[in-house]
Each structure stands twice: as C-alpha cells, then as structure tokens.
1. With a ≥ b ≥ c taken as the square roots of the eigenvalues of the C-alpha gyration tensor of the range 46-94, please select rounded if a/c is under 1.5 and otherwise prolate if a/b is larger than b/c or oblate if it is not?
2. With a cap of 15 neighbouring Cβ atoms within 10 Å, and only residues DSSP puts in a loop, list the GluC sites (Glu not before Pro) found in the range 154-251.
3. Checking the cross-link filter: which lysines have an alpha carbon closer than 29 Å to that of K32, excluding same-chain neighbours under 8 positions apart?
4. What are the GluC sites (Glu not before Pro) within the range 10-96 that DSSP puts in a loop, where the Cβ has at most 15 other Cβ atoms within 10 Å?
5. How much length is gained if the chain between R77 and D165 is pulled fully straight, taking 0.36 nm per residue apart and subtracting their Cα-Cα distance, in nm to one decimal?
6. In sequence order, what are the phi-derived ³J(HN,Hα) couplings for the range 179-185 according to the Karplus relation 6.51 cos²θ - 1.76 cosθ + 1.60 with θ = phi - 60°, rounded to whole Hz, with x for glycine and proline?
7. Tell me the relative contact order for the range 1-131 as a rounded percent, counting alpha carbon contacts under 8 Å between residues six or more apart.
8. How charged is the neighbourhood of L132? Take every other residue with its Cβ under 15 Å from the Cβ of L132, and add Lys/Arg as +1 and Asp/Glu as -1.
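No lab work stands behind these numbers, since they all come straight from the coordinates. A quick note: this is a predicted structure, and the numbers were derived from the prediction, not measured. Cβ: placed from backbone, ideal geometry, glycine included. Neighbour counts: every protein chain shown.
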Amino acid sequence: MQESHGYFDAKRIAALRETYALESFSREELLKDGHLLASDGPYKVYYAPIGAWPSPQTRIMFVGLTPGFTQLEAAARQFFDSPESIRKDEIAYSDLLRRHVAFAGTMRRNMCHMLDQIGIPEKFGVTTSEHLFGEAAANIAAATSALVFPVFMGENLKNFSGSPDLSSRALFREMLTELLLPRLQRAPHALVVPLGLSSNSGIDYLVRLGHLQESRILRNFPHPSGGNGHRVKLFGRDKERLTEAVRAWTG
C-alpha cells in the first residue's frame, strides 16, 4: 500500500477551488502561502485551477511533466475569464484548458508537427494534430501532467526540471497515484502519450504498480519544448517505431 499524507485529498482540492481568489496575477500572489499544497525538501507544490479532467470518451491523452509558472498564470487568467457555470463543470473547464492553455505556443507547434508525422491525425479522425486542440475535439483529446499541480524548486521557486526520477520521492509518488492516476482511469480507452523522459518515468511507476496497462502507452515521444535540443534527433531515431505503435493502437 502506498503511503499517503492527505496533501491531495479530493475534498481539500475542491475546497481550494471554491475559495480560490486573487488580488492580481503577480508571481507573489499566485504563489502565496495560502496556495501551497505540499512541500518535500526543496520542492513545493502549489494549487492552481489547472488539474484537468478528461471526458470518459477521450481517445488520446497528452501527459506533460508539470505546469510551469507561465502555464499556472495562464490557467488562473482562464479561470477568472470563464463563466461560473463553466468553472463549476470540471470537464467543460478542462476543455478550455486543453484549447487555450495546454502546451500553448511553440511547444504545441513542435508537438503537433511530430504527431502529424506518425499518423495521429488519420488515427483520430482529424485533418491535422492541431485540431486535437480545437473546439471540435472535446471528446477526443485531453491534456494533463504527470505532476498535475505546479511543482517549483529551491528558494527562488524555479520551474521543476524533471530530475530526479518521479518515482524517487514520496511527494511525487503521491501526486502520481492520487492525482494523475484517477485522471487516466477516467478515460480508460485513451492512448496515453507521455512527453519526454521525466513524464515517462511517472507513467512507468504506475505501470509497475499494476495500475496502468502497458498497451495504452505511446512510449518515448520526445518532449516538444524548444529547449529540448535533442528533440529532432530523438524523433528521427524513434519515428518508425512510434508510427507503428500508433498504427497498431486499437483503443
């Protein structure tokens, strides 16, 4: 049985969502003590209205590492720009996050360029992979993170880099089992696409525990960040294998 500290208890998360309020979108306000969910050594986890939930009909789920500060701020702005009826509907709000926040900018373009080359549009009935982030793909695609809520490190609260391995710390293991796993289980027939080695390590941990089927995972898709200088080389090396895995996926 996995140890749990109750940091990510569903009732606690729901209460934080209900009372979430900001005086500004400054770094100090977004990362104030009242939003701190948990800490472990140099790592701190903050609440943000960003824990996306998929529709049960979702057919493909993209899993990043963890939201960085830019994504946290964008999610907070989206939250307060949305009608209350949308904010209270976790799937409807998650759909807005998919369209407007998830991997936005260069990262999304890089990712979709690679997805197009391995047959994702044909497999999921869209013209291009960019359409998986459009309004019409509400019940097709979803996006989340291995560490669902933003993790920062050190005194200066830098974005978490992905090292150490996600299974090496109790805090990260708890985030994987208490936060990520229920989201993956909500869409049991979705192909899971972890982005980069660190996200893969989190997915591997859930597989080792027996919570996730190996057959659901599109392994070793390169992280699409512009800062990943090995992205093109890694994709070229694994393109044929990734293409075959997509072709073989039956959902």
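1. Oblate, because a/c is 1.5 or more while a/b does not exceed b/c.
2. E155
3. Counting by Cα, and skipping residues close in sequence, K32 has these lysines nearby: K11, K44, K88, K158.
4. E23
5. 28.6 nm
6. Rounded to whole hertz, the list is 10, 6, 3, x, 6, 5, 6.
7. 18 percent
8. Result for the neighbourhood of L132: +1.
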